[in-house]
Each structure stands twice: as C-alpha cells, then as structure tokens.
Amino acid sequence: MKIIVDDKIPYIKGQVEQLGSEVLYLSGSKIGPDDVRDADVLMIRTRTHCNRALLEGSKVKFIVTATIGFDHLDVDYLREAGIEWTNCPGCNATSVGQYVRNTLFLLERERGLCLQDATLGIVGVGHVGSAVLEACRPWVGKVLLNDPPLLASLKGNISSAKKDADAPMLPGSPSAADFSDLSTLQQQCDIITFHTPLVMGGEYSSFHLADEAFFAGLAKSPVVINAARGEVVDNVALEAALDAGQVSDAVIDTWEGEPCLSRTLLDKVFIGTPHIAGYSADGKANATRMSLEAVARWMGMTEKLDFHVLPPAVPDACKPMGDAQEDALRLYDPREDSERLKTHPMDFERLRGDYPLRRESFV
C-alpha cells in the first residue's frame with residue numbers, strides 16, 4: 001500500500017505509517033502524474049488539483065483532502081474513474097469562528113464600530129457559518145442568516161437543497177423563519193461575512209455572489225468579510241466598492257487567483273491574510289485525525305488505531321488575564337498575519353505553508 005502525503009499536513013508524520021507499507025511526503029503543489037502513477041492513496045490539501053491530468057493511468061483508488069473545501073477535486077472525473085474521495089467537514093470551523101470574532105474586536109477598537117449596535121449578516125450557515133454564529137452572537141446586537149439551499153431543505157425541497165460536505169450544523173432546530181434573503185442583509189447589515197462553498201453555476205451558484213450589483217445594493221456601507229473561497233467575492237468589484245464608499249472596510253482571507261492577489265486591494269483592506277482563517281492548531285489536528293481515520297475505514301481496518309494527533313500547548317505568554325477581548329486577541333491577533341502578508345505579498349504560499357499554527361482556546 002503506497003500513500004502519498006502532502007508534507008504540509010501537520011502532525012501526520014509517524015502516524016500515517018500505521019496505514020501503509022510505503023509513505024511518500026511531497027509538496028502538495030508539486031505532486032504530478034509520475035508521482036501518483038503507482039500510488040494507492042493520496043492525502044492532500046487544497047494545492048493538489050485532483051483531475052484527469054493528474055490521475056489518468058494511475059493506481060489511485062482513494063483520496064482524502066485534509067480540508068473542508070473540495071473544489072480542487074474534479075468530482076465528476078473521480079466518479080467516472082471509480083476513485084473514492086472524502087474531505088473533513090467541520091474540521092476547522094471553530095478556527096474560522098475565532099478569526100471572524102477577533103477581526104470584529106479589532107474593527108471595534110480601531111475603526112470605532114460599536115458591535116452591540118451592529119447587525120451581522122452571515123452568508124452560508126453550514127459547519128463554518130454555524131461556528132461563526134456561535135463565536136460572534138454574544139458580541140453583536142443582531143444576527144441575520146442567509147443560506148438559500150439550507151432554507152430549501154427546511155421547506156422540504158430536498159431535491160434542490162445542497163448536498164455537499166458543508167452540511168447545516170445550526171444549533172437547535174432551525175426553521176425557515178430563522179433566515180433572510182440576501183437583499184435584507186444588503187439593507188440592514190453593518191457587517192456581512194461569507195462562508196459558502198464555491199459552487200460554479202446552477203440554482204445555488206456562489207461564484208461572484210458578491211459582485212458589482214451586490215455592492216451597488218448595499219444600504220449601510222458595511223464591512224465585508226470573505227473567509228470562504230476567493231471567487232465568492234468579485235475582487236475587482238470589491239475594490240471599486242471600497243473606492244466608492246459602498247463598503248467601509250474589508251477583511252479578506254481568501255482571494256481570487258491566489259496565491260497571486262491584487263496588491264492594490266491588499267493595500268486597501270483592513271485585514272488581509274493568506275488563506276489561514278482555518279489554520280488553528282486545533283483545526284489542523286482535527287483534519288489530520290479525520291483524514292487518518294478515513295483512510296483506515298477505506299482500508300477496512302476495523303480495529304481501533306491509536307493516532308496521537310494533538311496540538312501543542314498554549315504558550316504561557318498567551319494565558320488568560322481576565323478581559324475576554326484582550327485574552328482572545330492575546331491568543332490570536334489577525335493583525336499579525338495581515339502585517340506579514342502586506343509586507344511580503346509575494347510570499348503568500350510560504351506564509352500559508354509555513355504558518356505558525358495558533359490555538360483556539362487556552363485548554
């Protein structure tokens with residue numbers, strides 16, 4: 001059994017060897033057809049595009065991506081080729097919740113946004129959007145939710161509802177009354193944050209969901225946050241909206257065309273980070289553990305394997321002092337990641353690949 005592993009998946013070395021007789025660690029962006037020709041399993045992240053060009057003629061029968069997103073997988077080709085695959089839904093959801101909540105704290109401190117008077121709109125309420133809701137709800141005055149596919153499923157229209165890996169995870173039993181249409185968010189929200197999967201076309205397309213028309217319809221010049229997929233927000237239109245005052249500030253973690261990104265947009269956003277909102281040590285440990293367990297299940301290993309996948313301890317310098325916001329920012333301050341990217345925009349991949357994994361909590 002030969003397993004190829006993206007060498008940036010943390011905590012996996014010494015663990016995956018329990019699964020295969022041959023394990024090869026490679027840079028995810030450099031995995032090519034020659035590498036996978038005699039491989040049985042791929043364990044990857046978003047930088048490996050699994051499609052016909054990579055996989056045709058290979059022995060690969062199972063792929064696990066240690067990420068929530070899976071738009072780097074050509075699922076139609078994988079189905080045609082008889083290659084099974086899975087992702088890690090929800091693995092880093094609370095990490096993104098931490099990222100959004102802490103950027104809200106910074107917006108209040110540095111931009112004068114009063115959170116208790118603010119209305120937050122969350123677009124996409126699957127695993128990640130639900131975690132953002134839980135993290136931010138105690139700090140803002142009002143929350144509006146938008147998720148048309150989820151709303152369709154609640155109304156019983158299962159055939160048209162999304163059936164992707166970012167399944168709804170709202171606490172309690174949500175009803176149709178819990179959701180608003182996008183135009184309501186455009187009219188009422190002071191902050192709008194996107195957490196949808198990237199869907200190219202169809203009834204629930206999310207490609208350029210925030211486009212020129214979307215920005216033109218904003219009533220309150222809100223802050224826009226994108227920690228979903230870069231192409232969910234039209235970056236050219238967003239920059240124009242910032243220039244025109246249609247958007248007051250922006251927080252961007254995912255970019256169109258990354259690792260290449262608009263330098264002028266980067267200069268204009270309040271916080272700009274290299275696709276690391278979900279990169280907490282806790283989230284990465286979850287993804288690695290889920291990936292290992294997925295391969296074990298696929299291999300039919302019914303015995304319980306002992307995967308030691310634990311994040312590092314919280315440094316003493318980050319220990320809580322008693323002020324909730326100060327403690328949260330001591331544990332993770334997005335300004336540090338933003339400063340690194342704005343200072344070294346050409347190093348997007350390095351900053352992401354060598355990211356110093358942060359903790360989500362003090363325990």
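The values are calculated or read from the model by the stated rules, or taken from the named source; none is laboratory data. Not measured: the values here are computed from a predicted model. Cβ: placed from backbone, ideal geometry, glycine included. Neighbour counts: every protein chain shown. Please note that ligands, DNA and RNA were not included when accessible areas were found on the heavy atoms of the full protein model with its side chains. Shrake-Rupley method; radii C 1.70, N 1.55, O 1.52, S 1.80 Å.
Run the simple label-point estimate for residue 17 and residue 79 please: 7 Å along Cα→C-beta, distance reported in nm.
4.0 nm
Listed highest first by mean packing, meaning other Cβ atoms within 10 Å per residue, what order do 125-133, 32-40 come in? Can you show the working numbers first?
Working: 125-133: 26.0, 32-40: 15.3.
Result, highest mean first: 125-133, 32-40.
Based on alpha-carbon positions alone, could you give the equivalent ellipsoid semi-axes of the chain from the gyration tensor, as √(5λ), descending, whole Å?
Numbers: eigenvalues 225, 111, 83 Å².
Square roots of five times the eigenvalues give 34, 24, 20 Å.
Would you grab the residues whose amide H sits under 5 Å from the one on residue 229? Only those 5+ places off in sequence or on another chain, please, with H modelled 1.01 Å from N.
Close amide H contacts, sequence-distant or interchain: 196.
Within the chain, what whole-number % of the accessible surface is contributed by carbon and sulfur, with the 1.4 Å probe and all protein chains included in the calculation?
Working: 7900 of 15430 Å².
Percent of accessible area from carbon and sulfur atoms in the chain: 51.
Within 10 Å of each candidate Cβ there may be at most 14 other Cβ atoms; applying that plus a DSSP loop requirement, which GluC sites (Glu not before Pro) in the range 1-68 survive? Could you put the intermediate results ahead of the total?
Working: sites: 17, 22, 56; in loops: 56.
Loop-located and lightly packed - 56.
Leaving out ligands, DNA and RNA but keeping every protein chain, what accessible area does residue 255 have, in Å² rounded to the nearest 10, with a 1.4 Å probe?
0 Å²
Quick check: the distance between the Cα centres of the range 230-256 and the range 263-341, to the nearest angstrom?
25 Å
Normalising by the residue count of the chain, find the relative contact order in percent from Cα pairs under 8 Å and 6+ residues apart. Write down the numbers at each step before the final one.
Numbers: 698 pairs, mean separation 54.3, N = 363.
Relative contact order for the chain comes out at 15 percent.
Using a probe radius of 1.4 Å on heavy atoms only, what accessible surface per residue do you get for the chain? Whole Å² is fine.
Numbers: 15430 Å² over 363 residues.
In whole numbers, the chain has 42 Å² accessible per residue.
Skipping prolines and chain starts, which residues have an amide H placed within reach, meaning under 5 Å, of the one on residue 25, given they are 5 or more residues away or on another chain?
Distant-sequence amide H within range of residue 25: 5.
Could you give me the ³J(HN,Hα) list for the range 267-276, computed from phi with Karplus coefficients 6.51, -1.76, 1.60 and θ = phi - 60°, whole Hz, x at Gly and Pro?
Those phi angles translate into 5, 8, 6, 5, 10, x, 10, x, 6, 10 Hz.
Calculated from DSSP H runs of 4 or more alone, at -39500 (n - 2.57) each and per residue, what is the 222 nm mean residue ellipticity of the chain, nearest 500?
-9500 deg cm²/dmol
Reachable aspartates and glutamates from residue 268, Cα under 14 Å, same-chain residues fewer than 8 places away excluded?
Answer for residue 268, where 14 Å is the Cα cut-off: 239, 243, 249, 253, 339, listed by chain and number.
Amide H of residue 48 versus every other amide H placed in the peptide plane: which residues, excluding those fewer than 5 positions away on the same chain, fall under 5 Å?
For residue 48, no residues qualify.
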